[in-house]
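Quick note: the coordinates plus some simple rules give every number you see, no bench work behind them. Note that the structure is a prediction, hence the values are computed from the model and not measured. Virtual Cβ from ideal backbone geometry, glycine too; neighbours counted across all protein chains shown.
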Amino acid sequence: MVWGVDIGPPSRQGRLMALNPFTGDAYLDTAMVGRGQRYTLPLIVDDRIYLSSCPGDRAPGFLEGFELR
C-alpha cells in the first residue's frame, strides 16, 4: 500500500489516499479537515494514521487522525 496526500490550495481541503502500487486502485480516498502539509511524513500506529495539516499558509498547524478499517 502506498500512502499519499493531495495538498489542497488555501480554498480547498486536502485528500488522504491509499493506493495499490501494482494496479493503481484506490483503497482509500477521503477528504481531510485541513489542506494537508508539504514535506511531512505520516505516523501510522496500529490501525490509525496521523498527518500534520493546516488551514492555510499563515495559519497554525494541527494533527488529523484517521482510523483505518
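Annotations for the structure displayed:
- From the list Thr30, Thr40, the one residue that fits, being without any contact (Cβ under 8 Å) to a residue 60 or more places away in the chain, out of contact with any Pro (no Cβ under 7 Å at 6 or more places or on another chain), hydroxyl-bearing (Ser, Thr, Tyr) and not in a strand (DSSP E or B), is Thr40.
- Taking the criterion of being surrounded by 14 or more Cβ atoms within 10 Å (Cβ to Cβ) and under 18 Å from Val2 (Cα atoms), the residues of the range 27-43 that qualify are Leu28, Met32, Gly36, Gln37, Pro42.
- Gly24 being exposed (fewer than 12 other Cβ atoms within 10 Å of the Cβ), assigned to a loop (DSSP other than H, G, I, E, B), small (Gly, Ala, Ser) and free of Cβ contacts under 8 Å to residues at least 12 places away in the same chain: yes
- Test for Arg15: is it surrounded by 11 or more Cβ atoms within 10 Å (Cβ to Cβ), in contact with an Asp or Glu (Cβ under 8 Å, 6 or more places away or on another chain), of a type in the set (Lys, Arg) and over 12 Å from Gly65 (Cβ atoms): yes
- The range 45-58: number of residues that are part of a strand (DSSP E or B) and in contact (Cβ under 8 Å) with a residue 12 or more places away in the chain: 6
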